[in-house]
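S.K.: The structure that follows is given in the form of structure tokens.
The values are calculated or read from the model by the stated rules, or taken from the named source; none is laboratory data. Treat the numbers as computed from the prediction; the structure is a model and nothing was measured. Positions of Cβ are generated from backbone atoms using ideal geometry, with glycine treated the same way; all protein chains shown enter the neighbour counts.
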Amino acid sequence: MSQGNMTGYLPGDPRYGLSGEALRNYYRTKPAQWAIYCWDKLGTEATRRALLQNQKIYVKDFGERVIGYGHFVSDDGRDTLGTSFFMQLDDRAAADAFVAGEPMSKAGLYQRVEIHRWSNSFQKRQADYRRKGMQQFLCTGPKSGTPEFFREHLHAHESYFASYGDSFIFRGPIRSADGADNIGTALLLELPDRAAVDKFWNEEPFAKNGGYQSDSRIVRWMFGD
């Protein structure tokens, strides 16, 4: 790594050259963004079908505040397991209000809702992505390593991700409540099949060196629009 960039981020990345408190302040001052995972109750398929168009209209009304919107599905793509929203909203209260007003949430369809502070690394939105007609996957999970561990592997991580550049729909770290600290990851990418995404994850430098907790997940996903 060059002496000019001891942080590990690559040229063209808005975080290039940042580390320590400067990096934490960068995240603190970014507009708040959220990864929201909503998991369906069993036996709610008919309710989901009935409310799907209402959900699409609700999401569309948020305009450019929508970074991404889609559905978790089974590995064979036949069953819908839930819905995810990646949103730019002012604060946690606004994220809670978004979920409370969402049609399927109002109907009591979800068994569990997860709301994570998140940061869109390159400000890339789903609408900007050129689709390839392959399968899409969410990779997400909490980190387990120390700050020193992540500094050690960051350059390799970013270089590895760069090699998959046009496969990412978008990606970014899960943040602490105030946005300052990196505590996980959430990314969407498009690859040929489950074997390809397993290979991607298992060879990623943080993951292959034990940097994520055991409850990290890879879930097949489909565009919601």
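S.K.: Using the structure shown, decide if Asp215 is out of contact with any helix residue (DSSP H, G or I) (no Cβ under 9 Å at 6 or more places or on another chain), in a loop (DSSP other than H, G, I, E, B), surrounded by fewer than 16 Cβ atoms within 10 Å (Cβ to Cβ) and of a type in the set (Asp, Glu).
M.R.: yes
S.K.: Then there is this: For Lys124, are the conditions met, namely being modelled with pLDDT under 95 and surrounded by fewer than 21 Cβ atoms within 10 Å (Cβ to Cβ)?
M.R.: Criteria met by Lys124.
S.K.: Let me ask something additional. Yes or no: region 148-156 includes at least one residue that is basic (Lys, Arg) and surrounded by fewer than 20 Cβ atoms within 10 Å (Cβ to Cβ).
M.R.: Yes, region 148-156 contains a residue that is basic (Lys, Arg) and surrounded by fewer than 20 Cβ atoms within 10 Å (Cβ to Cβ).
S.K.: Going through region 38-89 one residue at a time, which ones are among the charged types (D, E, K, R) and surrounded by 11 or more Cβ atoms within 10 Å (Cβ to Cβ)?
M.R.: The answer is Asp40, Lys41, Glu45, Arg48, Lys56, Lys60, Arg65, Asp75, Asp79.
S.K.: Check whether at least one residue in region 23-30 is assigned to a strand (DSSP E or B) and either in contact with a His (Cβ under 7 Å, 6 or more places away or on another chain) or surrounded by 15 or more Cβ atoms within 10 Å (Cβ to Cβ) (or both), and report yes or no.
M.R.: Checking region 23-30: not a single residue is assigned to a strand (DSSP E or B) and either in contact with a His (Cβ under 7 Å, 6 or more places away or on another chain) or surrounded by 15 or more Cβ atoms within 10 Å (Cβ to Cβ) (or both).
S.K.: Here is a follow-up. For region 61-93, name all the residues that are without any contact (Cβ under 8 Å) to a residue 12 or more places away in the chain and over 17 Å from Thr44 (Cβ atoms).
M.R.: Hits for region 61-93 are Asp61, Gly63, Asp76, Ala93.
S.K.: Follow-up. Only residues that are at pLDDT below 95 and of a type in the set (Gly, Ala, Ser): list them for region 127-166, please.
M.R.: Scanning region 127-166 gives Gly141, Ser144, Gly145, Gly165.
Let's see how each residue does on (1) among the charged types (D, E, K, R); (2) free of Cβ contacts under 8 Å to residues at least 40 places away in the same chain; (3) assigned to a helix (DSSP H, G or I):
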residue: Asp96; (1), (2), (3): yes, yes, yes
residue: Ala100; (1), (2), (3): no, yes, yes
residue: Ser105; (1), (2), (3): no, no, yes
residue: Ile115; (1), (2), (3): no, no, no
residue: Phe122; (1), (2), (3): no, no, no
residue: Arg131; (1), (2), (3): yes, no, no
residue: Leu138; (1), (2), (3): no, no, no
residue: Pro142; (1), (2), (3): no, no, no
residue: Phe149; (1), (2), (3): no, no, yes
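S.K.: Could you please find all residues in region 62-108 being in contact with a Leu (Cβ under 8 Å, 6 or more places away or on another chain) and among the basic types (Lys, Arg)?
M.R.: Passing the criteria: only Arg65.
S.K.: Output the qualifying pairs, or none if there are none: Cβ atoms under 9 angstrom, residues six or more apart or on different chains, first residue in region 168-179 and under 19 Å from Asp128 (Cα atoms) and modelled with pLDDT of 95 or more, second residue assigned to a loop (DSSP other than H, G, I, E, B) and among the hydrophobic types (A, V, I, L, M, F, W, C).
M.R.: As it stands, the answer is Phe168/Phe122; Phe170/Phe122; Arg171/Phe122; Gly172/Phe122, since those pairs meet every condition given.
S.K.: Then there's this: Take Thr47 and tell me if it is among the polar types (S, T, N, Q) and either on the phi > 0 side of the Ramachandran plot or in a helix (DSSP H, G or I) (or both).
M.R.: In short, yes.
S.K.: Which of the residues spanning region 151-190 are assigned to a helix (DSSP H, G or I) and among the basic types (Lys, Arg)?
M.R.: Once the filter is applied, which keeps residues that are assigned to a helix (DSSP H, G or I) and among the basic types (Lys, Arg), region 151-190 yields only Arg151.
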